[in-house]
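Just below is one structure, and these are the notes that go with it.
The values are calculated or read from the model by the stated rules, or taken from the named source; none is laboratory data. These numbers come from a predicted model, not from an experiment. All Cβ positions, even for glycine, are placed from backbone atoms using ideal geometry, and neighbour counts span all protein chains on display. Remember, those area values only see protein heavy atoms, side chains included, never the ligands or the DNA or RNA. Shrake-Rupley method; radii C 1.70, N 1.55, O 1.52, S 1.80 Å.
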Amino acid sequence: MLIDTHCHLDGLDLAPYDGQLELALNAASEVGVKQIVSISVDLEGLPKILAFTDREGVYASAGVHPLHTDGLLKDDKSLKEFAQHAKVIALGETGLDYHYEADKKIHRAQQDSFALHLTSAGELDLPVIVHTREAREDTIQLIKDYGNATSGGVLHCFTETYEMAKQALEENYLISISGIVTFKNAQALRDVVKKLPLDRLLVETDSPYLAPIPHRGKKNEPKYVADVAQFVADIKGVRYEELLAITADNFYGHFKRASPLNLLRSIG
């Protein structure tokens, strides 16, 4: 089963679909995408994200992106309330981003928010979806200090080192690969993917960002996860169908609120 484990449905370019999200989801379904996780980046926009889950096959996360500076968590009350929704299957996208934000005070606020996500996820037995950029040591240390290795999580859109990936695997994290792996300048990432065990991988689009080759220059969308999956299958030397089966098993093993019976289908 093909699953786009990380996309931002509220950010898709719907111009090719007459402004209709349903048509974009139909296009994904027609190329075999059967489930989608629509990712939250702030609590203010979360009701809109949750509304997408009215359609079969669409799930959501609840969380605050580390670059959403004004909304970084100071307590977990609202987060836990949103997490009660039946289609919320993870907390995040949370984590640390020191690339776009150099202010040490904001780094600390990111760390506090990340820690709240991690502890809340452990209490709720939900995985955590983690964004990390130029913050390898702090990311892993916070996962070790505040995370729950039983529920684990995902390092999404992974572009870091194999050494960091190994540390995350030890904490029961999966590694999710986006269209970046197809880019010409991404040989280092491809080398990492070669080393990673198949049973710890996921695929994603992170749409509307990072469209894979051969779609560079376009806005990304969930149907392009098929191209990511094929590329990863080729790197790992396995059949496309095998890659889909393994990554689906990985997904359901971590995202326990998700069900293979709740499938995205073309409608209309």
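A few notes on this one:
- Residue match in the range 50-60 (condition: touching a strand residue (DSSP E or B) at 6+ places or on another chain (Cβ under 8 Å), β-branched (Val, Ile, Thr) and free of Cβ contacts under 8 Å to residues at least 60 places away in the same chain): yes
- Ile213 vs. criteria over 17 Å from the mean Cα position of the chain (by Cα), closer than 21 Å to Tyr59 by Cβ, open to solvent by 50 Å² or more (accessible area, probe 1.4 Å) and among the hydrophobic types (A, V, I, L, M, F, W, C): no
- Hits in the range 14-43 (condition: over 19 Å from the mean Cα position of the chain (by Cα) and part of a loop (DSSP other than H, G, I, E, B)): Leu14, Asp18, Gly19, Gln20, Val31
- Selection status of Asp191, open to solvent by 50 Å² or more (accessible area, probe 1.4 Å) and within 23 Å of Ile143 (Cβ to Cβ): no
Conditions tested, residue by residue: (1) of a type in the set (Asp, Glu); (2) open to solvent by 70 Å² or more (accessible area, probe 1.4 Å); (3) out of contact with any strand residue (DSSP E or B) (no Cβ under 6 Å at 6 or more places or on another chain); (4) at pLDDT below 95.
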position	(1), (2), (3), (4)
Ala165	no, no, no, no
Ile180	no, no, yes, no
Lys195	no, yes, yes, no
Gly217	no, yes, yes, yes
Asn220	no, no, yes, no
Tyr224	no, no, yes, no
Leu243	no, no, yes, no
Gly253	no, no, yes, no
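- Tally of residues being among the hydrophobic types (A, V, I, L, M, F, W, C) and more than 15 Å from the chain's Cα centre (by Cα) across the range 91-103: 1
- Leu261 meets all of the listed conditions (1) closer than 19 Å to Ser38 by Cα; (2) open to solvent by 40 Å² or more (accessible area, probe 1.4 Å); (3) aliphatic (A, V, I, L, M); (4) in contact (Cβ under 8 Å) with a residue 60 or more places away in the chain but one, namely (4).
- Cβ pairs under 7 Å, 6+ apart, first in the range 204-227 and farther than 15 Å from His156 by Cα and polar (S, T, N, Q), second open to solvent by 20 Å² or more (accessible area, probe 1.4 Å) and part of a loop (DSSP other than H, G, I, E, B): Asn220/Tyr209; Asn220/Leu210
- Verdict on Leu25 being open to solvent by less than 20 Å² (accessible area, probe 1.4 Å), over 17 Å from Ala248 (Cα atoms) and in contact with a Lys or Arg (Cβ under 8 Å, 6 or more places away or on another chain): yes
- Considering (1) on the phi < 0 side of the Ramachandran plot; (2) open to solvent by 70 Å² or more (accessible area, probe 1.4 Å), the lone condition that Glu134 does not fulfil carries the number (1).
- The condition (being outside any loop (DSSP other than H, G, I, E, B), open to solvent by less than 60 Å² (accessible area, probe 1.4 Å) and over 13 Å from Ala229 (Cα atoms)) is satisfied by just one residue among Leu202, Leu169: Leu169.
- Condition check for Pro47 on (1) closer than 30 Å to Ser113 by Cβ; (2) open to solvent by 10 Å² or more (accessible area, probe 1.4 Å); (3) assigned to a strand (DSSP E or B): one failure, at (3).
- Test: residue in the range 140-149 that is at pLDDT 95 or above and closer than 27 Å to Gly32 by Cα: no
- The residue that is farthest from the chain's Cα centre (by Cα), counting only those in the range 104-127 that are open to solvent by less than 70 Å² (accessible area, probe 1.4 Å) and free of Cβ contacts under 8 Å to residues at least 40 places away in the same chain, is Ile106.
- Residues that are hydroxyl-bearing (Ser, Thr, Tyr) and either part of a loop (DSSP other than H, G, I, E, B) or open to solvent by less than 20 Å² (accessible area, probe 1.4 Å) (or both), drawn from the range 50-87: Thr53, Tyr59, Ser61
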